[in-house]
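Since the structure comes first, as structure tokens, the remarks are kept for the end.
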Amino acid sequence: MTSIDLNADLGEGFGRWRLTDDERLLSVVTSANVACGFHAGDAATMRRVCGLAAERGVRIGAQVSYRDLAGFGRRAMDVPPAELAAEVAYQIGALEVFARAAGARVAYVKPHGALYNRVVRDEEQAGAVVDGVLLADATLPVLGLPGSRLLELAGKAGLPVVTEAFADRAYTDEGTLVPRRQEGAVVTDPASVVARSVDLARSGEVTALSGRRIGVRARSLCLHGDTPGAVELARRVRDGLEASGVRVEAFA
């Protein structure tokens, strides 16, 4: 039977503000990308989300990013490789404290926002992320875009690599994500998101923004938790996958 993991970005609040409905999303997803304080999240939020995830058997992932709280980690930044590696390890270590306190462990690492997009092609920044993961825990899987420099370098360094796809984001013909500033970059129709999810899981293909069919082999499917109606959409995606014979389970 075909199987796929469902991951979502969680813990993306700060202080009194909460961006994601963590508790309800954790009843749907199998892996939680938890913000580690650099683009969102704080100590109390990390502890709360790790506790909820552990209770539900959801795998905890460290979502590392540039130090950009004001820009939600979506602004391009140039960080020296040694500094970036240290900051990646720092974020993983911070989350690990709370994961262990909840009786779990950090199970994987995924970059966020501008860093995620940067390490698709930038070898220096990708190498710095890999170095940071190795510094924190040389056994941690790295979750990222198929064909990215990040996954290539992580694999060469001996780290497990896991590919992911996005049902609610448009793709270029090269298999990369269409920039958010471009029209049509985000797929908003729920029925289309569900259909694309099933297509990705069962065929390993998706229709790019141009209309061309492209291959996107992925072990995990990302559901964005910061969009309106995210919980309901996530539930529809999971129901659609299971109805089509796809088993939903964590990769880690």
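The values are calculated or read from the model by the stated rules, or taken from the named source; none is laboratory data. What you see is a predicted model; the values in this text were computed from it and never measured. A quick note on method: Cβ atoms are made from the backbone with ideal geometry, for glycine too, and the neighbour counts reach across all protein chains shown. Remember, those area values only see protein heavy atoms, side chains included, never the ligands or the DNA or RNA. Shrake-Rupley method; radii C 1.70, N 1.55, O 1.52, S 1.80 Å.
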Original post:
Just checking, how many residues over the range 68-90 are in a loop (DSSP other than H, G, I, E, B), surrounded by 16 or more Cβ atoms within 10 Å (Cβ to Cβ) and acidic (Asp, Glu)?
Top reply: 1
**OP:** Within the range 3-27, count every residue that is within 14 Å of ARG238 (Cβ to Cβ), in contact (Cβ under 8 Å) with a residue 60 or more places away in the chain and more than 15 Å from the chain's Cα centre (by Cα).
**Re:** 2
Original post:
From the list ARG213, ARG202, ARG247, ARG196, which one is open to solvent by 60 Å² or more (accessible area, probe 1.4 Å) and closer than 23 Å to LYS110 by Cα?
Top reply: ARG247
**OP:** Considering every residue within the range 12-21, establish whether at least one is within 21 Å of VAL142 (Cα to Cα), assigned to a loop (DSSP other than H, G, I, E, B) and modelled with pLDDT under 95.
**Re:** yes
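Can you pull out every residue in the range 219-233 that is in contact with a helix residue (DSSP H, G or I) (Cβ under 9 Å, 6 or more places away or on another chain) and at pLDDT below 95?
Matches in the range 219-233: LEU223, HIS224, GLY225, THR227, GLY229, ALA230, VAL231, GLU232, LEU233.
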Subject >> Residue count, the range 132-150 (criterion: in contact with a helix residue (DSSP H, G or I) (Cβ under 6 Å, 6 or more places away or on another chain) and either under 24 Å from LEU233 (Cα atoms) or open to solvent by 20 Å² or more (accessible area, probe 1.4 Å) (or both)) >> reply: 5
Original post:
Of all residues in the range 22-67, which are in a helix (DSSP H, G or I) and β-branched (Val, Ile, Thr)?
Top reply: THR45, VAL49
**OP:** Any chance you could count how many residues in the range 194-221 are in contact with a Leu (Cβ under 8 Å, 6 or more places away or on another chain) and within 16 Å of GLY147 (Cβ to Cβ)?
**Re:** 5
**OP:** Among the candidates LEU153, LEU241, single out the residue that is open to solvent by less than 60 Å² (accessible area, probe 1.4 Å), under 30 Å from PRO81 (Cβ atoms) and hydrophobic (A, V, I, L, M, F, W, C).
**Re:** LEU153
Original post:
Looking at SER65, SER3, SER31, SER27, which one is surrounded by fewer than 16 Cβ atoms within 10 Å (Cβ to Cβ), on the phi < 0 side of the Ramachandran plot and in contact with a strand residue (DSSP E or B) (Cβ under 7 Å, 6 or more places away or on another chain)?
Top reply: SER3
Original post:
Counting only residues that are without any contact (Cβ under 8 Å) to a residue 40 or more places away in the chain and either among the β-branched types (Val, Ile, Thr) or at positive phi (or both), how many does the range 187-200 have?
Top reply: 2
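Residues LEU84, LEU52, LEU95, LEU26: which one is in contact with a helix residue (DSSP H, G or I) (Cβ under 7 Å, 6 or more places away or on another chain) and more than 25 Å from VAL231 (Cβ to Cβ)?
Among LEU84, LEU52, LEU95, LEU26, only LEU84 is in contact with a helix residue (DSSP H, G or I) (Cβ under 7 Å, 6 or more places away or on another chain) and more than 25 Å from VAL231 (Cβ to Cβ).
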Original post:
Just wondering, is there one or more residues in the range 91-107 that are open to solvent by 40 Å² or more (accessible area, probe 1.4 Å), of a type in the set (Asp, Glu) and over 24 Å from GLN182 (Cα atoms)?
Top reply: no
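Give the residues of the range 216-225 that are open to solvent by less than 40 Å² (accessible area, probe 1.4 Å) and either touching a Phe, Trp or Tyr at 6+ places or on another chain (Cβ under 8 Å) or within 27 Å of ARG18 (Cα to Cα) (or both), sorted by residue number.
To start, the set of residues in the range 216-225 that are open to solvent by less than 40 Å² (accessible area, probe 1.4 Å) comprises 216, 218, 220-225.
Passing the criteria: VAL216, SER220, LEU221, CYS222, LEU223, HIS224, GLY225.
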Original post:
Would it be correct to say that TYR116 is out of contact with any helix residue (DSSP H, G or I) (no Cβ under 8 Å at 6 or more places or on another chain), open to solvent by less than 50 Å² (accessible area, probe 1.4 Å) and assigned to a strand (DSSP E or B)?
Top reply: no
